[in-house]
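What follows is calculated from the coordinates using simple rules that are stated; it is not laboratory data. Computed from a prediction, not measured in an experiment: that's the story for all the values here. Glycine gets a Cβ as well: all are built from the backbone with ideal geometry, and neighbour counts include every protein chain shown.
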Amino acid sequence: MSARALFGGLLREGILVRLIYLDEAGTSRNEPVAVVAAAIFHPDKQWRNVDQYLSFLRKRYGLKEDFIFHATELFSGGKVLDRKNWPAERRIPILKRVLSIPRKFDIPIMFGFYRQDGVTDADTRHHSAFALCLKRANDFIKDKYDGEVATVVAENVSEMRRWLAKTPDVLKNPPSTVPELGRHPFDAVVDQIHFADKQGAPLLQVADAVAFAIRLFMTNHRFGRRTVNFIADNAAIWDGLDAQNNVIAGMGAIYRPKSESEYAPVSWEEQFF
């Protein structure tokens, strides 16, 4: 695939290539639920505006040009945003702005999750949530963007990369012991997964924030509902999020029911409030 196709051109006889950015939360050993979230971008209408919006947020809040928006640090503080100099009243408004990007720019969100069950290890839960998220993204593209395809950019988790890279092949040719997932064949996602860090693929920061919020909600955190409400307004479809408390594993989506063509194109300047 050419660089032009990956970053906003056309692929194979004029077919548009969507960009799917995936990141995870809650994948360490003792976490109660592993969540992988995907943000699906139109390469021409959305990618550049969101990237510029992230740059604007850095300037707006006095952050360095190379600052990476990590949701955990924005929520709890960390090495860069230490609690003394960056108390919650300074950090949380930034997190809210990042979480609101899907709502502001009409970015569909997909997710997969796998709960602690006392049997599977952390890597298996991570891989399973990754596969479920990717399958839900494939179904969404087949349903909403007929005839289009997508390529995947995922956070480069070095110890998991080899296993995650195999996910598309497993979904295309699932073993007989694995139940069929989703509504469509897994053929809307093309090419190998592109692994990158957030510096090299800045829109991973959106997926990071969304995965964090969904994990917070699914662990019944007292701020869980509030954080996921930043992602989308009442016009959005919340597919499966509230129904996931009593199941071990699953997938879902948060998106607007209208097509993106029904929204007037807006710049990042117009979206800031």
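Among His126, His194, His221, which comes first, second and so on when ranked by fewest other beta-carbon atoms within 10 Å?
Values: His126 25, His194 17, His221 14.
Starting with the residue having the fewest Cβ neighbours, the order is His221, His194, His126.
If neighbour count is taken as other Cβ atoms inside 10 Å, put Ser100, Ser158 in order from fewest to most.
Numbers: Ser100 18, Ser158 7.
Fewest-to-most Cβ neighbours within 10 Å comes out as Ser158, Ser100.
Give the shape of region 15-102 as rounded, prolate or oblate, defined through the alpha-carbon gyration tensor: a ≥ b ≥ c are the square roots of its eigenvalues, a/c under 1.5 means rounded, and otherwise the shape is prolate if a/b is larger than b/c and oblate if not. Intermediate results must be reported in sequence, preceding the final value.
Values: a/c = 2.68, a/b = 1.22, b/c = 2.19.
Oblate, because a/c is 1.5 or more while a/b does not exceed b/c.
Cut-off is 10 Å between beta-carbons; in what order do Lys96, Lys59 appear when sorted fewest neighbours first?
Working: Lys96 15, Lys59 9.
Lowest count first: Lys59, Lys96.
Can you compute 3J(HN,Hα) from phi for each residue in region 51-61, using the Karplus curve 6.51 cos²θ - 1.76 cosθ + 1.60 with θ = phi - 60°, rounded to whole Hz and x for Gly and Pro?
So the Karplus estimates, Gly and Pro as x, are 4, 5, 5, 4, 5, 5, 4, 4, 5, 4, 9 Hz.
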